[in-house]
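The values are calculated or read from the model by the stated rules, or taken from the named source; none is laboratory data. None of the values given here were measured: they were computed from a predicted structure. In this analysis, Cβ positions are derived from the backbone assuming ideal geometry, glycine residues included, and neighbour counts consider all displayed protein chains. Side chains are part of the model used for accessible areas, which takes the heavy atoms of the whole protein and leaves out ligands, DNA and RNA. Shrake-Rupley method; radii C 1.70, N 1.55, O 1.52, S 1.80 Å.
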Amino acid sequence: MGKRTPLYDAHAVAGARIVDFGGWDMPLHYGSQLEEHHAVRQHAGMFDVSHMTVVDVDGEGATDFLRRLLANDVARLTVVGKAMYSCMLRPDGGVVDDLIVYFFDRTHYRVVVNAATRDKDLAWINKQSGNFEVTVTERPKTAMIAVQGPQARQLAATVIPQQWRAAALALKPFMALEADDLFIARTGYTGEDGWELIVPADQGASYWQQFVNAGIRPCGLGARDTLRLEAGMNLYGTDMDETTSPLESGLGWTIAWEPDERDFVGRCALTEMRANNERRRFCGLLLEGRGVLRNHLRVVVDGVGEGEITSGGFSPTLERSIALARLPAGDYDRAQVEMRGKLFDVRVVKPPFVRNGVATIEV
Amino acid sequence: MQELPGDLIYTSEHEWLRQEEDGTVTIGITDHAQEALGDLVYVELPEVGQEVVSGGDMAVVESVKAASDVYSPVSGEVTGVNEALADSPESINSDPYGDGWIVRIRPSEEAAGTMTPNDYQEFVDGLDD
C-alpha cells in the first residue's frame, strides 16, 4: 500500500482504478479516461494533486537564495501573488526538478515541486540554502485540488466562501491569493483555464464532494497526462531529468539570462551548451496514420540522425497520436518512428497541440 | 464486471472463443482484459487469408495506456476481421463479447488449454488486481 491523500476514500467510493504514482495510491481513471479528458476540454474536470510537495521559503535571504537556486529569476516577480515556472538545475545543467514558485513578498515565497522527487528536492534545496538567511519549511500535508476546464472557475466559485468569490474570479492567469485557510491559484497543467486550490486536509473531502455536486467531473492521472501532452507541457522524469538540460527539453524560455551577473546554479554549463549549434531539438510529433506513439520509441530523421520519443500517446482532441521528442539538430519537418519493426511517417511540429479547447496544429 | 457469457470458452491470455456453425471460431478479448487496458484507441488487425499459429501474434490492441499483443489461441487461417474496429475501437470496451469481436479463424486443430466460464471466472478472481 502506498501513501494516501485526504481524498483517497472519495476516489475509492467513486470506483477509481488506483495505481502507484511515486509512492502514492492515486486514481488513474474513474471509468473512462477519454471521457474525463473531454470533460476538461469542453466543460470542467478536477484532479487530486494532494501528493505534490509544498515548501515555503522565508527569511531576509529568501530572494537571493531563490535567485541562486532557480534558472528563472524571482526578481522578475513584482506583483503579490504572482506565480512563475522554473527549473532547478545541477551545476552541470541537468534538471533536478521543475516547479512553480509563488511570490508573496521579498521574504516569503511558496514553492510547489513534484511528488515523486520530494526527498531529493528537499535535500537539494536544503543543501543549497546553507549560506543564505532562509528557512525552508515543508507545509504539513494538505489537500490540493486542480479544477480545470472552460467552466471550472465559474462552477468552483459557487463552492468557495462567498466573501472570496469576487476576488478569486478576478485573479488573472498565473496569479494566486490566500483566502483565510484557502490558497487559490489560476494555474494548471492541462492547457485549459482553471484553478489549483490548497485546502486544509480535513476539509478536502468536503470540497471535493461539493465540486462534484457543482458539476465538476473527477478525473484521474490518465487524463491529466493526455491533457498535458496535448498542451505541450513537459513531465519531469519523462521529458527531462538530471541527464538533460532545459535547452534540450524545450524549456529555454524558462531560463532568465539577464542580468548577466546573476549566478544561478547551472549557469556556466548552460552558457557553454547555448553556444553549441549541434544541441538536440525538442519537438512535437504528429503521427500521419493510425497507431499510437509511445515513450522511448526510436525516431529516424532521414539523412540527419536519430532521436527518441520522450512522451507519446493518443490525443483524444485531435483523434491522432502525438508525442514530444528529443531529436538531432537540423532544419526538417518530417521524420519516421519505428513501431514493431516498421517505420511510420510523422510530422515534426511545434507544441502545443491544443490550447483552450482548440487544436493549434493542423491535422 | 459483466457476467461471462456461458456459450464461450476462455484462455489464460484473457481471450474468448465462440465456435460458429460454419466451423470457424470467433475471437475477442474478455471484459476483464478491456477493463485492465482502459479506453482502446487503435486496433491492428491481421490480413484475411493470413495463417496464424497458436501462441503467435495475431493482432495488437492499443489503449490510452499501452499496447498489448493479442496472441492467437489456435492455429489456422484468418477468414474474417472486424473492420469496424478501425473507426470504433471503443466497441471492445463497450461490447467485448459482441460488436467488439476481433478476428474469425478457421482452425486447423482443436484449441488447447481453454477454460469453461466457471474456470475462467475462478482464474480471474485468483489474480492480484
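Within the stretch A:9-31, being within 21 Å of B:ASP39 (Cα to Cα), in a loop (DSSP other than H, G, I, E, B) and under 22 Å from the mean Cα position of the chain (by Cα) holds for one residue alone: A:TYR30.
From the list A:ASP121, A:ASP97, the one residue that fits, being open to solvent by less than 10 Å² (accessible area, probe 1.4 Å), in a helix (DSSP H, G or I) and in contact with an Asp or Glu (Cβ under 8 Å, 6 or more places away or on another chain), is A:ASP121.
All conditions in (1) farther than 24 Å from B:GLY6 by Cα; (2) at pLDDT 95 or above hold for B:LYS65, with the sole exception of (2). For the stretch B:35-56, filtering for residues that are within 11 Å of chain A (Cβ to nearest Cβ), surrounded by fewer than 22 Cβ atoms within 10 Å (Cβ to Cβ) and either aromatic (Phe, Trp, Tyr) or in contact with a Ser or Thr (Cβ under 8 Å, 6 or more places away or on another chain) (or both) leaves 3. Entry remark, the stretch A:334-355: residues being at pLDDT below 95 and either farther than 20 Å from A:VAL299 by Cα or of a type in the set (Gly, Ala, Ser) (or both) number 1 in total. Note on the stretch B:57-129: enclosed strands (runs of 3 or more DSSP E) holding 3 or more residues that are crowded, with 19+ Cβ neighbours inside 10 Å are B:57-63, B:76-81, B:103-107.
What do you reckon, is A:LEU227 within 14 Å of another protein chain (Cβ to nearest Cβ), aliphatic (A, V, I, L, M) and either surrounded by 18 or more Cβ atoms within 10 Å (Cβ to Cβ) or over 27 Å from B:TYR42 (Cα atoms) (or both)? Spell out how you get there, then give the answer.
Numbers: within 14 Å of another protein chain (Cβ to nearest Cβ): yes; aliphatic (A, V, I, L, M): yes; either surrounded by 18 or more Cβ atoms within 10 Å (Cβ to Cβ) or over 27 Å from B:TYR42 (Cα atoms) (or both): yes.
Here the answer is yes, as A:LEU227 does meet what is asked.
Taking the criterion of being without any contact (Cβ under 8 Å) to a residue 60 or more places away in the chain, under 16 Å from B:ARG104 (Cα atoms) and assigned to a strand (DSSP E or B), would at least one residue in the stretch B:23-43 satisfy it? There is at least one residue in the stretch B:23-43 that is without any contact (Cβ under 8 Å) to a residue 60 or more places away in the chain, under 16 Å from B:ARG104 (Cα atoms) and assigned to a strand (DSSP E or B). On the given criteria, is A:ARG347 outside the structural domain of A:THR226 (by TED's automatic domain parsing), in contact with a strand residue (DSSP E or B) (Cβ under 9 Å, 6 or more places away or on another chain) and at negative phi? In short, yes. Filtering the stretch A:31-60 to residues that are open to solvent by 30 Å² or more (accessible area, probe 1.4 Å) and at positive phi leaves only A:GLY31.
Being among the charged types (D, E, K, R) and within 28 Å of A:THR226 (Cβ to Cβ) is a property that does not hold for B:GLU47. Taking the conditions (1) part of a helix (DSSP H, G or I); (2) over 24 Å from A:ASP225 (Cβ atoms); (3) open to solvent by 10 Å² or more (accessible area, probe 1.4 Å); (4) of a type outside the set (S, T, N, Q) in turn, A:PRO140 satisfies each one other than (1). Hey, any hits in the stretch A:303-311 for a residue that's within 14 Å of another protein chain (Cβ to nearest Cβ), of a type outside the set (Ser, Thr, Tyr) and either crowded, with 21+ Cβ neighbours inside 10 Å or within 17 Å of A:ALA231 (Cα to Cα) (or both)? Yes, the stretch A:303-311 contains a residue that is within 14 Å of another protein chain (Cβ to nearest Cβ), of a type outside the set (Ser, Thr, Tyr) and either crowded, with 21+ Cβ neighbours inside 10 Å or within 17 Å of A:ALA231 (Cα to Cα) (or both). If only residues of the stretch A:268-295 that are within 26 Å of the chain's Cα centre (by Cα) and of a type in the set (S, T, N, Q) are counted, the one that is farthest from A:ARG68 (Cα to Cα) is A:ASN295.
Remark: A:LEU28 matches the filter, which requires a residue to be within 14 Å of another protein chain (Cβ to nearest Cβ), surrounded by fewer than 23 Cβ atoms within 10 Å (Cβ to Cβ) and of a type in the set (A, V, I, L, M, F, W, C).
Take A:ALA275 and tell me if it is of a type in the set (A, V, I, L, M, F, W, C), open to solvent by 40 Å² or more (accessible area, probe 1.4 Å) and either more than 14 Å from chain B (Cβ to nearest Cβ) or in contact (Cβ under 8 Å) with a residue 12 or more places away in the chain (or both). Yes, satisfied. Look at (1) touching a residue at least 60 places away in the same chain (Cβ under 8 Å); (2) assigned to a strand (DSSP E or B) and you find that A:ASP92 fails only one, number (2).
Residue-level check: of (1) within 14 Å of another protein chain (Cβ to nearest Cβ); (2) part of a strand (DSSP E or B), A:ALA325 misses just (1). Selection of first residues in the stretch B:62-77 that are away from chain A (no Cβ under 13 Å) and farther than 11 Å from A:GLY291 by Cα and of second residues that are assigned to a strand (DSSP E or B) and among the charged types (D, E, K, R), restricted to Cβ pairs under 6 Å at least 6 apart or on distinct chains, gives the following pairs, ordered by first then second residue: B:PRO73/B:GLU15; B:GLY76/B:ARG106; B:GLU77/B:GLU51; B:GLU77/B:ARG106.
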